[in-house]
Amino acid sequence: LKKVQEETRTYDIKISADVFGWVFITENDQGIGQLIEEMAPQLDYIYPMAYPSHYNIHFLGFEDSEAHPYEVVKYTLEKGFERIGDTDCKIIPFLQAFSLDVKYTDKEILAQIKAAEDLGIKGFLFWNAANKYSSVEKALIPRMTSSTAESN
């Protein structure tokens with residue numbers, strides 16, 4: 001990342017990377033080379049994959065972390081802010097738009113967004129390996145409609 005930053009300094013570009021959400025929480029790179037403290041100073045944006053379904057049983061004391069999207073996403077992002085420190089790197093989370101043990105509906109989608117927004121994060125991305133985003137669409141259309149009405 002440092003080499004990319006040096007080589008592209010004269011261009012008007014942003015440098016970003018996606019990382020596993022878990023590396024925001026752990027004190028090491030889990031053997032995958034994602035050391036947040038080393039990456040963040042070289043990045044404009046970092047995209048943690050903070051999918052609640054991907055955390056251990058009993059994470060944060062929950063029997064099933066997937067059933068607690070707000071708490072899991074918020075905790076992950078809070079830890080990320082601690083790890084990136086006073087760099088200019090901004091966090092934009094990848095959020096879960098799929099179901100494993102828990103059926104994800106607009107309620108779970110909105111809970112994840114709220115967790116990010118409660119921390120002052122202005123953007124987010126969703127992931128679904130099957131490329132099915134109906135739950136996201138169902139959650140976001142009323143939100144977009146109400147914000148359009150408020151701005152008129």
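The values are calculated or read from the model by the stated rules, or taken from the named source; none is laboratory data. Note that the coordinates shown come from a computational prediction; the quantities given were computed from them, not determined experimentally. All Cβ positions, even for glycine, are placed from backbone atoms using ideal geometry, and neighbour counts span all protein chains on display. Ligands, DNA and RNA are excluded from the accessible area calculation, which covers all protein heavy atoms including side chains. Shrake-Rupley method; radii C 1.70, N 1.55, O 1.52, S 1.80 Å.
Approximating the spin labels as points 7 Å out from Cα along Cα→Cβ, the Asp86-to-Arg143 distance works out to 3.3 nm. Per-residue ellipticity at 222 nm, computed for the chain from helices alone with -39500 (n - 2.57) per DSSP H run of at least four residues, works out to -12000 deg cm²/dmol.
Just the protein heavy atoms count here, and of the accessible area of segment 1-120 at 1.4 Å, carbon and sulfur take up 50 percent. Distance from a point 7 Å along Cα→Cβ of Lys132 to each backbone N in segment 94-115: keep the residues under 11 Å and list them by number. Counting only backbone N, you get 98-100, 104.
For Leu1 and Ile15, the difference between the fully extended length at 0.36 nm per residue and the C-alpha to C-alpha distance is 4.2 nm. Can you spot the lysines whose alpha carbon is less than 21 Å from Lys107's alpha carbon? Ignore those fewer than 8 places along the same chain. Straight-distance partners of Lys107: Lys74, Lys122, Lys132, Lys138. For segment 47-103, applying the loop criterion from DSSP together with a ceiling of 12 other beta carbons within 10 Å to the GluC sites (Glu not before Pro) yields Glu63. Among 99-108, 9-18, the peptide with the highest mean count of other Cβ atoms within 10 Å heads the list, and the full ranking is 99-108, 9-18. Packing here is the average count of other Cβ atoms within 10 Å per residue, and on that basis the peptides 28-34, 116-122, highest first, run 116-122, 28-34. Label-to-label distance for Lys103 and Tyr45 is 3.3 nm, based on points extended 7 Å past Cα in the beta-carbon direction.
Name the residues of segment 41-76 whose amide N is less than 20 Å from a point 7 angstrom out from the Cα of Leu125 along the C-beta direction? Inside the label zone: 41-55, 73-76.
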